[in-house]
Amino acid sequence: MGRLPEPVPVTLLTGFLGSGKTSLLNNLLADPRMAGTAVIVNEFGSVPIDHDLVRAGRETYFRTTTGCICCTATSDVRASLHELHAARLTGEVPPVSRVVIETTGLADPAPIINSLIPGGAPAMGLRDHIVARQFYLSGVVTTFDVIAGPPTLDAHMEGWKQLAFADHIVLTKTDIAQEQVSWADELRGLNPAATVHDRQASGFDLFALLGDRPYSTQDKADDVPGWLAMEGLATRRDHRHERNRQGDKVEAICLSNDTPFDPRSVMTFLELVTSNAGAGLLRLKGILAVADDPERPVVAHAVRHRLFPLQRLDGWPAGDRSTRIVLIGQNMPVKPIRDLFDVLVPRPSLRKRRQA
């Protein structure tokens, strides 16, 4: 019997909706030092988009989980890692030197971390024991949007927890922020153990965010061990779904269509759904087929009511060439949004695949 591979470090990449996790991950994967990195991406909502926006290299094993990674940590995360372990044993994938897990922006990191550290969530079978021997959590990296971040912290406990568990906090959008704040000082009280980085700073080394030592809660806020202990007490019976953790008001609207859109229809839809600051939108992301160049899809991003410039990809990243849009928010006007999308759907194809 061959020798088992050495345990692989796992980095958890978290941060609230729209804080720049996928952009940071893409920049990391472009670094030659990231060769042999496995990527696991979680998405909120039933229409997959994020996995198409992560540019995984040929030697990078890539898996996407959908649904609530935060509340199925002992199944989704451990199942994905066990699948990866089995694939590298059989030679289906090249040797893996590290794993990066990108969570949904709504994820509470506590149950995910609890499933990856010694003494955390109990093993439910042989699979979990194998994962515990072959993988270990080596660090938590949290992105923080200096523009949308402050109001997010006021409204969402998950944002606070993502920062409190971090080894590294990466400040994003500092180049476009109108107000200059010393965020290192502001965040030190929340997490005195974290190193705060400016994403736009000269000489910032993304690769330095990835460690190889076991994750530790030492010197972090007093709340951190308590949150992990509470997760340890949770049972399958009372472990609630992520939507309930957020409150019943947080939901995802998923829209899709097979026929390329008129460019004017795309802008009409995006501008209308993002223009109302009080409409409850937290995040919009989409990959859209547009009639003026259907071979090069358009990528759309919005955080709250701020719509960022559209970008064209050089080609479709996967076999699915349909338009897919996900809106995540609280108390959103669901029916008017769906009705607007339906009105703008190209007339030759009226097939609509509505997914809750």
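The values are calculated or read from the model by the stated rules, or taken from the named source; none is laboratory data. Being a predicted model, the structure only gives us computed values, none of them experimental. Glycine gets a Cβ as well: all are built from the backbone with ideal geometry, and neighbour counts include every protein chain shown.
In table form, for the structure just shown:
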read-out: Filtered residue count, the stretch 126-152, keeping only those that are closer than 23 Å to GLU179 by Cα and surrounded by 17 or more Cβ atoms within 10 Å (Cβ to Cβ); value: 9
read-out: Criterion (of a type outside the set (A, V, I, L, M, F, W, C), loosely packed, with under 12 Cβ neighbours inside 10 Å and modelled with pLDDT of 90 or more) met by exactly one of ASP219, ASP205; value: ASP205
read-out: Pairs with Cβ under 7 Å, 6+ apart, first in the stretch 195-209 and in the same structural domain as SER138 (by TED's automatic domain parsing), second charged (D, E, K, R) and not in a loop (DSSP other than H, G, I, E, B); value: PHE204/ASP198; PHE207/ARG33
read-out: Tally of residues being over 30 Å from THR152 (Cβ atoms) and part of a helix (DSSP H, G or I) across the stretch 108-130; value: 5
read-out: Residue pairs meeting the criteria (Cβ under 6 Å; at least 6 apart or on separate chains; first closer than 23 Å to ARG283 by Cα and basic (Lys, Arg), in the stretch 17-40; second at pLDDT below 85 and not in a loop (DSSP other than H, G, I, E, B)); value: none
read-out: Members of the stretch 270-293 found to be crowded, with 22+ Cβ neighbours inside 10 Å, out of contact with any His (no Cβ under 7 Å at 6 or more places or on another chain) and in contact (Cβ under 8 Å) with a residue 60 or more places away in the chain, listed by number; value: VAL273, LEU282, ARG283, GLY286, ILE287
read-out: Looking only at the stretch 142-183, and only at residues there that are modelled with pLDDT of 85 or more and among the hydroxyl-bearing types (Ser, Thr, Tyr), the one that is farthest from the chain's Cα centre (by Cα); value: THR174
read-out: Residues (under 24 Å from ALA155 (Cα atoms), at pLDDT 85 or above and outside any helix (DSSP H, G or I)) located in the stretch 267-298; value: LEU284
